[in-house]
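The values are calculated or read from the model by the stated rules, or taken from the named source; none is laboratory data. As the structure is a prediction and not an experimental result, all values here were calculated from the model. Here the Cβ positions follow ideal geometry from the backbone for every residue, glycine too, while neighbour counts run over all protein chains shown. The protein model used for the area step is the full one, side chains on, heavy atoms only, and it has no ligands, DNA or RNA in it. Shrake-Rupley method; radii C 1.70, N 1.55, O 1.52, S 1.80 Å.
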Amino acid sequence: MATMMEIARLAGVSRGTVDRVLNGRGGVGPETTERILRAAAQLEYSPNKAARALSSGKRNFLIEFILFNPGKAHYYLDIRQGALSAVEELQASDVILKFRYLENWSEQEILTRLNEAVADGAAGIAVFATSAPAVVERIREITQSGIPVMTVGSEIPECGQLGFVGSNAYRAGQTAAGLIHLIQRQEIHLGVILGFRSRFYHNRRLTGLTAGLEEQGRPWSLSFVECSNDDEFDCFDIVKEQMLLHPEVNTLFLSTSSSYGACRALERLKLPKLPKVVCYDKTPGIREMLQKGVISATIGQEPVRQGRKAVLMLFDYLAFGAVPREKKIYTENKIIIRENL
């Protein structure tokens, strides 16, 4: 990151003059101001948010992050890594980050973690959650009480949140349909594994997928839709059973954090020909299955960016009162195949 001293050297002025311009203190002529701003842009200068918070006397923010247990799904380890990287950037402002883990996606489990965070004195909350009515209402109550909430991963409509960061689920489903169109040249006989029916983005992905397949105009059929509860062992059993019941299936769409379990089941079955498999994320298990050719393609969701951005947006609001210009920050649906791992 460029420093004020580097900007001063490039602009041919003192560091103090640069400080006055970049912090809006005035007293600098228009030509000099313009020269300093050009130098700052050329060097891609970004102000130190932590230092600004310290100078304003705002510090010691407790941000609580509620997410699914990373021990059950590696994807959430990447979310956690992103959140921790944001805290490292903001180290000087003494941001305190505390994680609370969901053991399941039940309404009561999410409500319990939200209530624990509020009772703990959280200044801001980032949360993975479902769109169950009681959860939506509780998030609305928390935000109305003055505690900003960022929703992460799955959109939750009309809950009053500060903002959302995550994948555009419908577009992610359409992207999967496009991949299936490219890689499956035969008539499509589809099997689907969702993580949870209660998760908004799992259902939106499925809607985007079916709409995308319809738009292509190719013949296709849906043999089964099952839910794995994002559990690798459950997913293993489900895929093994369903593939034996539906030998016609030649394409699998895995909208779950337990894709590795599904792929292990395919390996165990020793089928004459593997189905084409499209899934999400880029966890170590998925990378392994891409390398082996069990997975045809996966769609990345930038989980590290999701975790980092959620914390930074909360910090900006708490420290500076900055309301996000964009309420929804969509990550990229990055297509990943074995050749570009």
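What residue, among those in segment 208-247 that are assigned to a loop (DSSP other than H, G, I, E, B) and under 17 Å from residue 275 (Cβ atoms), is least open to solvent (accessible area, probe 1.4 Å)? Ranking the qualifying residues of segment 208-247, first place goes to 228.
Within segment 5-36, restricting attention to residues that are assigned to a loop (DSSP other than H, G, I, E, B) and modelled with pLDDT under 85, which residue is most open to solvent (accessible area, probe 1.4 Å)? So that I can check it myself, show each step before the final result.
Taking segment 5-36 and keeping what is assigned to a loop (DSSP other than H, G, I, E, B), we get 12-14, 23-29.
Of the ones still in play, those that are also modelled with pLDDT under 85 are 23-27.
On the way: 23: 76, 24: 66, 25: 143, 26: 39, 27: 84 Å².
Taking the candidates together, the pick is 25.
Annotation: of all residues in segment 185-214 being charged (D, E, K, R) and at pLDDT 95 or above, the one that is farthest from residue 243 (Cα to Cα) is 214.
Can you pull out the residues in segment 250-293 that are of a type in the set (Val, Ile, Thr), out of contact with any Pro (no Cβ under 6 Å at 6 or more places or on another chain) and either farther than 27 Å from residue 167 by Cα or not in a helix (DSSP H, G or I) (or both)? So that I can check it myself, show each step before the final result.
Residues of segment 250-293 that are of a type in the set (Val, Ile, Thr), as a first pass: 251, 256, 277-278, 283, 286.
With out of contact with any Pro (no Cβ under 6 Å at 6 or more places or on another chain) added as a condition, the list becomes 256, 277-278, 283, 286.
Listed by number, the residues that qualify are 256, 277, 278, 283.
Being part of a helix (DSSP H, G or I), open to solvent by less than 10 Å² (accessible area, probe 1.4 Å) and closer than 25 Å to residue 73 by Cβ is the requirement here; does residue 129 meet it? So residue 129 does not fit the description; no.
Of the residues contained in segment 104-112, one or more are found to be without any contact (Cβ under 8 Å) to a residue 60 or more places away in the chain, surrounded by 20 or more Cβ atoms within 10 Å (Cβ to Cβ) and in contact with a strand residue (DSSP E or B) (Cβ under 9 Å, 6 or more places away or on another chain).
Would you tally the residues in segment 180-204 being in contact (Cβ under 8 Å) with a residue 40 or more places away in the chain, surrounded by fewer than 20 Cβ atoms within 10 Å (Cβ to Cβ) and closer than 14 Å to residue 297 by Cα? Result for segment 180-204: 2. In the condition set (1) touching a residue at least 12 places away in the same chain (Cβ under 8 Å); (2) in contact with a strand residue (DSSP E or B) (Cβ under 7 Å, 6 or more places away or on another chain); (3) open to solvent by 20 Å² or more (accessible area, probe 1.4 Å), residue 117 is compliant with all but (3).
If I ask for residues that are assigned to a helix (DSSP H, G or I), surrounded by fewer than 16 Cβ atoms within 10 Å (Cβ to Cβ) and not hydrophobic (A, V, I, L, M, F, W, C), which ones from segment 312-341 would you list? Break it down into steps so the answer makes sense when it comes.
Going residue by residue through segment 312-341, those that are assigned to a helix (DSSP H, G or I) are 312-320, 338-340.
Keeping just the survivors that are surrounded by fewer than 16 Cβ atoms within 10 Å (Cβ to Cβ) gives 320, 338-340.
Passing the criteria: 338, 339, 340.
Considering only residues that are under 22 Å from residue 201 (Cβ atoms) and among the acidic types (Asp, Glu), which ones fall in segment 97-131? If the condition is that a residue be under 22 Å from residue 201 (Cβ atoms) and among the acidic types (Asp, Glu), then 103, 107, 109 are the ones that fit. Once segment 154-175 is narrowed to residues that are closer than 22 Å to residue 140 by Cα and among the aliphatic types (A, V, I, L, M), the residue that is modelled with the lowest pLDDT is 156. Taking (1) over 28 Å from residue 333 (Cβ atoms); (2) at pLDDT below 95 in turn, residue 100 satisfies each apart from (2).
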